[in-house]
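Worksheet for the structure shown next.
Nothing in this text is a laboratory measurement; each read-out follows from the coordinates by a stated rule. Worth saying up front: this structure is predicted, and the values here are computed from it rather than measured. As a convention, Cβ positions derive from the backbone with ideal geometry for all residues, glycine included, and neighbour counts pool all protein chains shown.
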Amino acid sequence: MADFLKPDSASNYSTEFFQQLNEKLDALAKLNFTGFTGLVTDAIAWSATNGRLEQWNGTSWVELIATYMINVDRLGGQQGSYYRDASNMNAGTLPGGRFNDTSHGNRGGGSQHAAATASASGFMTAALFNKLAGIESGATADLSAAEILALLLTVDGAGSGLDADFLQGNAPSAFAAAGHVGATGAAHGEATGSVAGFMSAAHFTKLDALTQGDSVSMLQGTIAHGGTIPLPSGYTEGQCRWIVSPYDVHSGSG
């Protein structure tokens, strides 16, 4: 193992001195101190493994932080003219001073960048921007019937303003308004001999007294004085009612 502090006064002039001096000079020329001891702090060497200059901190080699203004002929294998050619740039932002309206059309949105269409990509127009800005975030154009119903249920009820054509499958004509007035002149007027209406309690009682299956027969005619009113066929006297009125009234003078 070579010692960077050699040769010294203890070195044998004829057998060691020149060998130790040549080892040191060779390491300095190559900046490679692999296998050396006795290195001075802040010594600089090239690390082929890490591809960088490193500095000896007294115990180990560390990355060289100091910046050295070294003027080289090439960078990354390319000469300076390569990096002055804008066509070789593939990353970063081009400063505004590197181009103008003449070299790039109208940067303000002119004909250099046509508006996008359904079949071609392009710039967004102001109209499309305003339309897009007016659409709620997360909105879709393919809501299912169930999704639409779920949204309606969040605003239904009194004061919703919803106006439907049908109620439980029935048109409005199937329902009566709360303040409707019938043919009798009242909301629920009683039926009469000339106007339809609701059944009165008296008529209900009369109708309720009839036995299901009963039939009604009516006879009319004229009987002579002292005659007998005939019974309708199939009826007893107890089932019948009579209404009798004089056919002719004679008045005598005293």
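For this structure, a couple of remarks:
- Relative contact order (percent, whole number), the stretch 1-96, Cα cutoff 8 Å, 6+ residue spacing: 17 percent
- Two-decimal Rg/Rh across the stretch 1-88, once Rg and the Kirkwood Rh are taken from alpha-carbon atoms: 1.17
- Pairwise Cα inverse-distance average, inverted: Kirkwood Rh of the chain (Å): 35.3 Å
- Qualifying chymotrypsin sites (Phe, Trp or Tyr not before Pro) for the stretch 114-207 [loop in DSSP, other Cβ within 10 Å: at most 14]: F166, F175
- Under DSSP loop assignment and at most 15 Cβ neighbours within 10 Å, longest trypsin sites (Lys or Arg not before Pro)-free interval of the chain: 108-240
- The stretch 1-29 and the stretch 59-74: distance between their alpha carbon centers, rounded to Å: 27 Å
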